[in-house]
């Protein structure tokens, strides 16, 4: 019956639509989970236990937990006036979470060590009735064994630093007393550090130039000779520099994955962007080409790749007749994404690259 309870809980978790969770609650700090609940040794008796777990997030979907528990049962078996069973267990478990949202279903597995104690007071009348005296002597047994842990559960995130947790798990061992024990637990988790807040990246604000005030000369009159007024000085306004940024060029349309060599269709893609802008790029006084990469891979690798791709676009423009000394290139790696972690979480797996496509781009600014 108890195995059916665990199977039913696992089946319920399998139908949860993890894509519906809006918030990603990632807290890399250590956390502690005090627990209380019921224990059922070998599906025969019902007892209680208390325990505590110390855990830490290791990746987007995996936690590691170290648990310590103490449980005991008291019952009256046939042939005994009374009996008591106790187990102290220390386990190390891996926890796989299907989501980091408000609801966090999970499965767990691990190994550990347990100390089992069993004591019973024999019923002498039972032996006399059976015709075999001393058939049920007093028992006092104790032993230590290795255990394997297998379970499933559900967390509810109250806020980024507190969650509620319920789970069911089996401890399986080669003990001489009870070889399988079902634990049904309820507890609350508390993070020992606050969830980090992602920095807000704001676009730089260009300072507004102060107006230049030009004073007109005052005519000097010397009596009795009247000097003619000088001609007014007319200052020609400074030429206005107009910056035009071409629409973002998708790097996937210009380069192969991980490459800085322009593909055959890159020529058509860049020419189409220039034509749509209406700019004669050969007459431009200054051109800036900036390469961007997505957040996958190492920061150094992304920086180098974005620099090489910007240089490749510059070489293409030089071949079209643009002066090389008027073109400046920059590589900004993955420092200026246009997507967010909530839009493209790591759990997308194979679909993550497509979601991050807007981050892989080339921008061309013409003055």
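So which residues in the stretch 42-62 are free of Cβ contacts under 8 Å to residues at least 40 places away in the same chain and under 11 Å from residue 95 (Cα atoms)? Within the stretch 42-62, 56, 57, 58, 59, 62 meet the criteria. Among the conditions (1) surrounded by 13 or more Cβ atoms within 10 Å (Cβ to Cβ); (2) touching a residue at least 24 places away in the same chain (Cβ under 8 Å), residue 344 misses just one, which is (2). Answer yes or no as to whether residue 194 is assigned to a loop (DSSP other than H, G, I, E, B) and modelled with pLDDT under 75. Judged against the criteria, residue 194 is not a match. Could you please let me know if residue 66 is touching a helix residue (DSSP H, G or I) at 6+ places or on another chain (Cβ under 7 Å), part of a strand (DSSP E or B) and at pLDDT 85 or above? Spelling it out, it is not the case that residue 66 is touching a helix residue (DSSP H, G or I) at 6+ places or on another chain (Cβ under 7 Å), part of a strand (DSSP E or B) and at pLDDT 85 or above. A single member of 301, 333, 321 is on the phi > 0 side of the Ramachandran plot and surrounded by fewer than 15 Cβ atoms within 10 Å (Cβ to Cβ), and it is 321.
Each row is one residue, and each column tells you yes or no for (1) surrounded by 15 or more Cβ atoms within 10 Å (Cβ to Cβ); (2) at pLDDT 95 or above; (3) part of a loop (DSSP other than H, G, I, E, B).
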| residue | (1), (2), (3) |
| --- | --- |
| 3 | no, no, no |
| 8 | no, no, no |
| 11 | no, no, no |
| 25 | yes, no, yes |
| 40 | yes, no, no |
| 49 | yes, yes, no |
| 96 | no, yes, no |
| 105 | yes, yes, no |
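Residue-level analysis places residue 323 outside the set of residues that are within 17 Å of residue 261 (Cβ to Cβ) and in the same structural domain as residue 351 (by TED's automatic domain parsing). For the stretch 168-175, state whether one or more residues are exposed (fewer than 14 other Cβ atoms within 10 Å of the Cβ), at pLDDT 75 or above and over 34 Å from the mean Cα position of the chain (by Cα). Checking the stretch 168-175: at least one residue is exposed (fewer than 14 other Cβ atoms within 10 Å of the Cβ), at pLDDT 75 or above and over 34 Å from the mean Cα position of the chain (by Cα).
Is it true that some residue in the stretch 338-361 is more than 34 Å from the chain's Cα centre (by Cα) and modelled with pLDDT of 90 or more? Checked the stretch 338-361: no residue is more than 34 Å from the chain's Cα centre (by Cα) and modelled with pLDDT of 90 or more.
The values are calculated or read from the model by the stated rules, or taken from the named source; none is laboratory data. Keep in mind that this is a model prediction, so the values were computed, not measured. Positions of Cβ are backbone-derived with ideal geometry, glycine not excepted, and every protein chain shown enters the neighbour counts.
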